[in-house]
Structures are given as C-alpha cells and as structure tokens.
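Peer 1: My structure is below; once you've seen it, I'll send some questions.
The values are calculated or read from the model by the stated rules, or taken from the named source; none is laboratory data. Note that the coordinates shown come from a computational prediction; the quantities given were computed from them, not determined experimentally. FYI the Cβ positions are ideal-geometry reconstructions off the backbone, even for glycines, and counts take in every protein chain you see.
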Amino acid sequence: MKQDHESFLERSDFVCAYFENEMIGYLKVVYKGNVAAILNLAVMTSHNDKRPANALIATAAERCAAKGVSYLTYGLFNYGNKQDSPLREFKSRNGFVEVLTPRYYVPLTVWGNLAMKMKLHRGLLGILPTSLISLGIAARGGWYNFKQFLSRCSSMLERPNRIRQTERSNPPAGSNLPSE
C-alpha cells in the first residue's frame, strides 16, 4: 500500500472521509502547476449510502480553489468507444466535463505505419464497436453474478445439484441428527 501512494508525495494531498471514527474513503490529489489530478479515489462500498466519494471530490475541488489551481482532472472521460458507463455518469454528476486535446501519432517504422492504418493506437476499446463492448460488459456481469451465486450457498439444500452429488450426506458436526 505504501508503494502505491509514495509517488509525488512532495506535491500531493490526501483527503480522508470518516464516519464515527472509521475511515470510509480517501482520495489522493497530485498538483502540477495549474492542474491537479485525482490519482486514487477509494471508498468502502458498505458506506456508499453516505456518498463519501462525492464529499471527497468536493473537498478536493475546494482545496484546488484555495491553492489557485485552475483544473482538477480525474482520468479519461471516455474510455475508447465505451460511452455509457457508471464512472462517466459519476464524473458528470460531480461536474467533470470532457476536454478534447489533439494528439498526433507519427509512425516511425513500417510496422508503425501498419498499426496506424489498422487504428491499433486507439487500443482495444477504441477499435471495438460500442454494441460489442456493451455485450462484453453484460456477459462479464452475468459471469460474476453466477460465480457469486455459487459461492454464497450456505446450506446443502441451496447448493446446485452438480455440487451436492459430489459431497457426502453426513449431517454437519454438532447437529443432533443421527448420522446415516
């Protein structure tokens, strides 16, 4: 954890959110001239109802204003062709807007020229169509829900049949039921 946060210490601020003497979130802001960047924002999901991320961003914006910093950035606004995402919605709700800056890529080799023609400089999310990205995200979400469903079965009756078939039918230790 220390290695993750020891970079840029001389020009960083850490903002923490507390609830009843428990730290429920933190944010790391790094300053460079007229711009500040949020490098890390983490909150406890069990306290999402208190909206600590919003409070942390508001505090970071106040600190930037007090220091005379003109811009507060928080990563990319869009990640490739992935236009609609919860992270983008969160950024919009907290006042972040997309600022387009020109980028120029110059191929230096034949392979670089080929990569430019195939638009590989955009990355995988920049090449795939939005519909395919959405389908992949939905499939990943379904897979994680399925894995979570399998892991949260607490009793023998709740477990899927394929798992029950491989287990013994002895009662759990400490039960008053006679064993078969």
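Peer 1: Mind checking which residues of the stretch 127-139 are at pLDDT below 90 and in a helix (DSSP H, G or I)?
Peer 2: Ile127, Thr130, Ser131, Leu132, Ile133, Ser134, Leu135, Gly136, Ile137, Ala138
Peer 1: Name every residue in the stretch 55-86 that is closer than 28 Å to Leu125 by Cα and more than 15 Å from the chain's Cα centre (by Cα), in order of residue number.
Peer 2: Listed by number, the residues that qualify are Ile57, Tyr71, Leu72, Thr73, Gly80, Asn81, Gln83.
Peer 1: If only one of Tyr26, Tyr79, Tyr31 is in contact (Cβ under 8 Å) with a residue 24 or more places away in the chain, under 27 Å from Leu128 (Cβ atoms) and surrounded by 13 or more Cβ atoms within 10 Å (Cβ to Cβ), which one is it?
Peer 2: So the residue among Tyr26, Tyr79, Tyr31 that is in contact (Cβ under 8 Å) with a residue 24 or more places away in the chain, under 27 Å from Leu128 (Cβ atoms) and surrounded by 13 or more Cβ atoms within 10 Å (Cβ to Cβ) is Tyr79.
For (1) at positive phi; (2) among the hydrophobic types (A, V, I, L, M, F, W, C); (3) not in a loop (DSSP other than H, G, I, E, B), each residue gets a yes or a no:
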| position | (1), (2), (3) |
| --- | --- |
| Ile24 | no, yes, yes |
| Ile38 | no, yes, yes |
| Glu62 | no, no, yes |
| Ala66 | no, yes, yes |
| Arg88 | no, no, yes |
| Ser92 | no, no, yes |
| Glu98 | no, no, no |
| Tyr104 | no, no, no |
| His121 | no, no, yes |
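Peer 1: The conditions are (1) assigned to a helix (DSSP H, G or I); (2) among the aromatic types (Phe, Trp, Tyr); (3) under 19 Å from the mean Cα position of the chain (by Cα), and Trp111 fails exactly one of them. Which is it?
Peer 2: With (1) assigned to a helix (DSSP H, G or I); (2) among the aromatic types (Phe, Trp, Tyr); (3) under 19 Å from the mean Cα position of the chain (by Cα) applied to Trp111, the lone miss is (3).
Peer 1: Okay, next question. Looking only at the stretch 117-126, count how many residues are over 28 Å from the mean Cα position of the chain (by Cα) and either at pLDDT 90 or above or not aliphatic (A, V, I, L, M) (or both).
Peer 2: 1
Peer 1: State which residue is nearest to Ala55 (Cα to Cα) when the search covers only the stretch 90-132 and only residues that are of a type in the set (S, T, N, Q) and surrounded by fewer than 10 Cβ atoms within 10 Å (Cβ to Cβ).
Peer 2: Thr101
Peer 1: Same structure, new question: Hey, can you tell me all the residues within the stretch 56-91 that are over 25 Å from Phe14 (Cβ atoms) and small (Gly, Ala, Ser)?
Peer 2: Within the stretch 56-91, Gly80, Ser85 qualify.
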